[in-house]
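Report on the following structure.
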Amino acid sequence: MKTIFSGVQPSGNLHIGNYIGALSQWVKLQEESEAIFCIVDLHAITVPQEPKALREKILEIAALYLAVGIDPAKAHIFIQSENSDHVKLAWVLNTITPFGQLERMTQFKEKGEKHGENVGLFDYPVLMAADILLYQTDEVPVGEDQKQHLELARDLAQKFNSRFGQVFKLPNPLISPSGTARIMSLSDPTKKMSKSDNDPLGTINLLDSEEQIREKIKKAVTDSATHISKDHGSEAISNLLTIYAAFKNQSLESSLSELEGKSYSEFKNLLADLVVSKLSSIQQKYNEIRADENSLMLVLNDGRDFAIEKSQETMKKVLDAVGLGRPIPNH
Ligand code: TYM
């Protein structure tokens, strides 16, 4: 069985871009793989976080994993900082990571400009490589913005293996097809939908109210045409169509044949109905999960125990290969 690993930062509100590009794929993949999903809180503090709000966000994200359909009977959910192997392996990988490769990371440049640089932000992709490599991951389902980070993870695995002997599996990115891997802002379709967007109209959050969802879709940028046509040329309309098709669980082509000829306002009403109906069912589950914190804690305990046990196997090999600590008995 393949191992898949992925994670979300508890650094803002989960939005429909995260859902379409990542979480909805996870739900499918858990059926056929050993699935490990992490709440990457150590990554989140590479930009300033308010401590109380961060703790709350971690549980919110965990509950949302469950609410969108991650099933703890099939998948493992844990909090990154509860397994110290992530930091340990990141340190080892740091020593084989070329400075220049981290300097080229676009997310580092973007986030550094926005929030101010720090060494953690610079080192972010190495910690992410450690997350993935610790679990001998085969595939990493992510949105397009994580592609560059995954290339680094592969490079580091290859470099480590050729220098110290075969320890890591080379992970493959699993990036969802045709537009869904990069959902754009509703208010500026040239920008990616993002947790840290300052414009609230750009992003539909999974926990938005019906009123907010309807307002955001109503105000979403379109183009100078008035009706849906087969050559949906503009980025704005094709983004809305991609969201529609994803929520309908159908291909873009089927959505287009269904919607061709409808006015933009008719289309927006249909889209709003669809998003409201899907998110309200997620929210209902979310509220039930949050009302039973003990069960959520048990899920996170199990996930943590599983993660520690599994990562220890890799970590032992790493220490042995590099020559750290004392010899491992019977090894
Ligand atoms: P994060 O928290 O920014 O985003 C979580 C996931 O959502 C995807 N995503 C999108 N997909 C489509 N359209 C969008 N507009 C959009 N915005 C975000 C992201 O690609 C991601 O899959 N570095 C990661 C977290 C991480 C991680 C890992 C992921 C840390 N360690 C190991 C995989 C494996 C991040 O910041 O995701």
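Annotations
- THR180 being among the hydroxyl-bearing types (Ser, Thr, Tyr) and buried (at least 20 other Cβ atoms within 10 Å of the Cβ): yes
- In the range 33-61, the residues that are assigned to a helix (DSSP H, G or I) reach residues that are among the hydroxyl-bearing types (Ser, Thr, Tyr) with C-beta atoms within less than 7 angstrom, at least six apart or across chains, in these pairs: ASP41/SER81; LEU42/SER81; HIS43/TYR124; ALA44/SER11.
- Qualifying residue in the range 74-95 (condition: assigned to a loop (DSSP other than H, G, I, E, B), of a type in the set (D, E, K, R) and farther than 25 Å from GLU309 by Cα): no
- If you go through the range 158-181 and pick out every residue that is within 13 Å of the ligand (Cβ to nearest atom), closer than 25 Å to THR3 by Cβ and in contact (Cβ under 8 Å) with a residue 24 or more places away in the chain, you end up with 8.
- For the residues GLU235, GLU293, the requirement of being in contact with a Pro (Cβ under 7 Å, 6 or more places away or on another chain), touching a residue at least 40 places away in the same chain (Cβ under 8 Å) and surrounded by fewer than 18 Cβ atoms within 10 Å (Cβ to Cβ) singles out GLU235.
- The combined condition, being surrounded by 14 or more Cβ atoms within 10 Å (Cβ to Cβ) and assigned to a loop (DSSP other than H, G, I, E, B), is not fulfilled by VAL275.
- Taking the listed residues LEU174, LEU170, the one that is assigned to a loop (DSSP other than H, G, I, E, B) and not basic (Lys, Arg) is LEU170, with no other qualifying.
- The C-beta contact set for the range 106-122 (first residue at negative phi, second residue small (Gly, Ala, Ser) and surrounded by 12 or more Cβ atoms within 10 Å (Cβ to Cβ), distance under 9 angstrom, 6+ apart or interchain) comprises LYS111/SER196; LYS114/SER196; HIS115/SER196; ASN118/GLY112; LEU121/GLY112; PHE122/GLY112.
- Test for LEU150: is it under 18 Å from SER311 (Cβ atoms), modelled with pLDDT of 95 or more, within 16 Å of the ligand (Cβ to nearest atom) and assigned to a helix (DSSP H, G or I): no
- Qualifying residue in the range 117-132 (condition: at pLDDT below 95 and not in a helix (DSSP H, G or I)): yes
- Of all residues in the range 103-112, those being of a type in the set (A, V, I, L, M, F, W, C) and away from the ligand (no atom under 14 Å from the Cβ) number 0.
- When each of ALA90, ALA22, ALA73 is tested for being aliphatic (A, V, I, L, M), within 13 Å of the ligand (Cβ to nearest atom) and free of Cβ contacts under 8 Å to residues at least 60 places away in the same chain, the lone residue that passes is ALA90.
- Failed criterion for GLY12 (all others in (1) within 13 Å of the ligand (Cβ to nearest atom); (2) in contact with an Asp or Glu (Cβ under 7 Å, 6 or more places away or on another chain) hold): (2)
- Filter result for ALA67 (away from the ligand (no atom under 11 Å from the Cβ) and either under 18 Å from the mean Cα position of the chain (by Cα) or not in a helix (DSSP H, G or I) (or both)): yes
- Of all the numbered requirements in (1) more than 9 Å from the ligand (Cβ to nearest atom); (2) at pLDDT 95 or above, ASP197 misses one, and that requirement is (2).
- The residue pairs whose first member lies in the range 130-151 and is hydroxyl-bearing (Ser, Thr, Tyr), whose second member is near the ligand (Cβ under 6 Å from one of its atoms), and whose beta carbons are closer than 6 Å, counting only pairs six or more residues apart or on different chains, are TYR135/PHE5; THR137/PHE5.
- Residues that are aliphatic (A, V, I, L, M) and more than 13 Å from the ligand (Cβ to nearest atom) within the range 113-147 comprise just one, VAL119.
The values are calculated or read from the model by the stated rules, or taken from the named source; none is laboratory data. Worth saying up front: this structure is predicted, and the values here are computed from it rather than measured. So basically every Cβ, Gly included, is an ideal-geometry build from the backbone, and we count neighbours across all protein chains shown.
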